[in-house]
Structure formats: C-alpha cells, structure tokens
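Notes for the one structure printed next.
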Amino acid sequence: QVQLVESGGGLVQPGGSLRLSCVVSGSIFSIYAMGWYRQAPGKQRELVAAITSLGSTNYADSVKGRFTISRDNAKNTAYLQMNRLKPEDTAVYYCNADGSWPAILAGKAGYWGQGTQVTVSS
C-alpha cells in the first residue's frame, strides 16, 4: 500500500553537493518517522539520518554538519541535502518509513525504497 521511490543520486566530485528525494505514495497516515540509510560495497548498512513527523532528527556522527534531512508533507516527500561530499559517502542510499521511531533507528522500518546510487569521485 505504501511505496517509496528515491531519486537524485549520481556522480559528483569531492566537495560537491547532491539532494536526494523520497516520494511516498499510498496511505501515509500511519507514517510517523522516515530515514535514510546507506550501504557501500563490502560494508554494513548504516543509518545516515532520520526524522519524525514532529521534526525531531537524528544523524550519524560522520555526516553531522554536512547533511540535512527534511520533510515536505504537502508533497509527500522527504529530502536529504548532502554538502561537502567525501569519497567515503559513496554508497547506495535507501529511504525508509515506519510508524515507529525505534524501528527506523534500528533499521527495521516496514517500508523501503529501491535505493539510489551516490558516487563521490574525482
């Protein structure tokens, strides 16, 4: 019933910026929290950022001060603004959503997007 579609990934040079979008369709009335996870080749999937419907946020230490998560409820869309990108940010980025904040933080969200590739390289 609920579907998430990410977009905005691509190839960017170190120090550059990208903005990822996550469009939610279907019934969103039960969605309380949304988040962004990423997974690089050979590495574990990790939380990047998360946000509740009330605006509370959580960020990985590695992206604090560089990335910003936001929501536009009128457009049923979540965003991840990524600035001062580093090669270590290269990964597939996944949007997720759930009615439970702990589920989002634990990587156990009920709904996931298909992922969008971000490559940071010169």
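The values are calculated or read from the model by the stated rules, or taken from the named source; none is laboratory data. Keep in mind that this is a model prediction, so the values were computed, not measured. Methodologically, a virtual Cβ is constructed for each residue, glycine included, from the backbone with ideal geometry; neighbour enumeration extends over all protein chains shown. Accessible surface areas use protein heavy atoms only, side chains included; no ligands, DNA or RNA. Shrake-Rupley method; radii C 1.70, N 1.55, O 1.52, S 1.80 Å.
With respect to the conditions (1) out of contact with any strand residue (DSSP E or B) (no Cβ under 6 Å at 6 or more places or on another chain); (2) open to solvent by less than 30 Å² (accessible area, probe 1.4 Å), residue 30 falls short on a single one, namely (2). Filter segment 1-24 down to the residues that are within 17 Å of residue 114 (Cβ to Cβ), open to solvent by 50 Å² or more (accessible area, probe 1.4 Å) and part of a strand (DSSP E or B) and list them by number. Listed by number, the residues that qualify are 3, 5, 7, 23.
Restricting segment 83-99 to residues that are under 11 Å from residue 21 (Cα atoms) and open to solvent by less than 10 Å² (accessible area, probe 1.4 Å), which is farthest from the chain's Cα centre (by Cα)? Only one residue fits best here, namely 93. Open to solvent by less than 50 Å² (accessible area, probe 1.4 Å), in a loop (DSSP other than H, G, I, E, B) and hydrophobic (A, V, I, L, M, F, W, C): does that describe residue 48? No; evaluated as a whole, the condition is false for this residue. Residue 42 passes every criterion in (1) open to solvent by less than 20 Å² (accessible area, probe 1.4 Å); (2) of a type outside the set (Asp, Glu); (3) outside any strand (DSSP E or B) apart from (1).
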